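Just below is one structure, and these are the notes that go with it.
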Amino acid sequence: MELIKSKDNGTFKFIKKLKSKKYRDAEKLFLAEGVKFLDFTKEPQMIIISEEITIDEKLQERLDKFSSRKIILDGKLFDQITSQENSQGVIIVYESNLISEEELNANNIVVLNKVNDPGNLGTIIRVADAAGFKDILITKGSVDCYNEKTVRSSMGSILSTNIYYIEEERVVEFLKNRNYKVIATALEKDSIPYTSMKLEEKNAIIFGNEGNGIEKFIIENSDEKIIIPIYGSAESLNVAMASGIVLYEVRNKLNK
């Protein structure tokens, strides 16, 4: 393994730049932190280990699975790139897996409109993956799916999920042209309980911004609007929690 101890090292500078969305987009790479990521099969571009952790037999076995470049990084330098207070001392560099329009072709997809909280986005990606939805369409203006908190919250599902970013004003046309039934989660007068939604051969389930919900023009052009009834005194549900409830209902209906 390589040992890097200087802040002037080119590789260290390169890794540090990947904490910025601008550089992640340019290089088509992102950072994932935690030993758990070594349990996935996706081959990393690079594995960075803090000099301050002990590489025991179990960790060495995990590292040996990959032919990736492996770096031991000075502890103080590692502290400059970690995003966690109590880091496990492992950061992995992966190639991004954003897809093109042509590749987004599943019969049932998740659409996210201006979801801004990175933890929410990561949790939704995890929930969608768990419920069997691999394709996620995200409108631009949402948080970056490769934000370090998003990646961490996805618990690895970011590695196996297909994500495509689209301009907000194009999303309805995009879905209609591909014959998706557009189902919006929205608090409208004509919204029906989510358990009553009717699915077609192709369905797009839309979730909106944490504070403002789905943009009005998208709601107005949806084929069906659904709500999760609130039986207690809570004002609303967190969007990540709502996505879990709705997507598992969709999965149950699809499995019947």
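Here, each number is a calculation from the coordinates, and none is a lab measurement. Predicted model only: the values in this text are computed from it and were never measured. We place every Cβ from the backbone using ideal geometry, glycine too, and count neighbours over all the protein chains shown.
Assorted remarks:
- Check: the stretch 73-117 dipole with +1 on Lys, Arg Cβ and -1 on Asp, Glu Cβ, in debye: 140 debye
- Cross-link pairs beyond the 21 Å C-alpha cut-off, checked among Lys28/Lys58; Lys36/Lys149; Lys176/Lys202: Lys28/Lys58
- Fraction of the pair-distance distribution of the stretch 41-96 above 18 Å, Cα-Cα pairs, percent: 31 percent
- Projecting the Cα atoms of Asn147, Leu112, Ala234 onto the charge dipole of the stretch 101-255 (Cβ charges, centred on the Cα centre) puts Ala234 farthest toward the positive pole.
- Summarising the amide proton neighbourhood of Asn108: residues at separation of 5 or more, or on other chains, whose placed amide H is nearer than 5 Å comprise Asn203.
- Stretch gain in nm, segment Glu57-Met1, where the contour uses 0.36 nm per residue and the Cα spacing is subtracted: 18.6 nm
- Cα centre as origin, Lys/Arg/Asp/Glu Cβ charges: the chain dipole, Debye: 120 debye
- Distant-in-sequence amide H partners of Lys70 (H built 1.01 Å from N, under 5 Å): Glu2, Ile47
- A dipole drawn for the chain from +1 and -1 charges on Cβ atoms has a positive end, and of Thr195, Ser67, Asn97 the residue lying farthest that way is Ser67.
- With coordinates expressed along the principal axes, the C-alpha atoms belonging to the stretch 10-121 extend over 46, 27, 26 Å, beginning with the largest.
- With the charge dipole of the stretch 101-255 set up from +1 on Lys and Arg Cβ and -1 on Asp and Glu Cβ about the Cα centre, the Cα lying farthest toward the positive end among the listed residues Ile206, Gly156, Ile183 is that of Gly156.
- Exposure proxy order (Cβ contacts within 10 Å, fewest to most) of Thr161, Thr195: Thr195, Thr161
- Fully extending the segment from Asn9 to Asn212 would add 68.6 nm, taking 0.36 nm per residue of separation and subtracting the current Cα-Cα distance.
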